[in-house]
Amino acid sequence: GTADTGAVVYCPCCGEAGETALHPGSGTRQEYVEDCEVCCRPWRVSVAYADDGTAAVEVAPPDGD
């Protein structure tokens, strides 16, 4: 099957929508920090791939708030 390689997320700081690239070859569970393209504040991205290749993506401030 084909795994998701991108997702639309909403910045937890400013609320703006943006697209984040996903890297299915990096494992079924991933966590990393990425900066918002609008407000430039960092957020923690958590990705979990299902067996069918779909990705569940969550973003949160890096301090967990």
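Can you name every residue in the stretch 34-45 that is outside any strand (DSSP E or B) and either open to solvent by 50 Å² or more (accessible area, probe 1.4 Å) or polar (S, T, N, Q) (or both)?
Within the stretch 34-45, GLU37, VAL38, CYS40, ARG41 meet the criteria.
Is it fair to say PRO62 is of a type outside the set (Ser, Thr, Tyr), in contact with a Phe, Trp or Tyr (Cβ under 6 Å, 6 or more places away or on another chain) and open to solvent by 50 Å² or more (accessible area, probe 1.4 Å)?
The answer is no for PRO62.
Rundown of residues vs (1) in a strand (DSSP E or B); (2) open to solvent by 60 Å² or more (accessible area, probe 1.4 Å); (3) touching a residue at least 60 places away in the same chain (Cβ under 8 Å); (4) out of contact with any strand residue (DSSP E or B) (no Cβ under 9 Å at 6 or more places or on another chain), yes/no style:
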| site | (1), (2), (3), (4) |
| --- | --- |
| VAL8 | yes, yes, no, no |
| GLY18 | yes, no, no, no |
| GLY25 | no, yes, no, yes |
| TYR32 | yes, no, no, no |
| VAL47 | yes, no, no, no |
| ASP52 | no, yes, no, yes |
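The values are calculated or read from the model by the stated rules, or taken from the named source; none is laboratory data. Here the structure is a predicted model, which is why all the values come from computation and not from measurement. Reconstructed Cβ throughout: ideal geometry from the backbone, glycine too, with neighbour counts over all protein chains shown. Quick note on the areas: whole protein, heavy atoms, side chains included, nothing else; ligands and nucleic acids left out. Shrake-Rupley method; radii C 1.70, N 1.55, O 1.52, S 1.80 Å.
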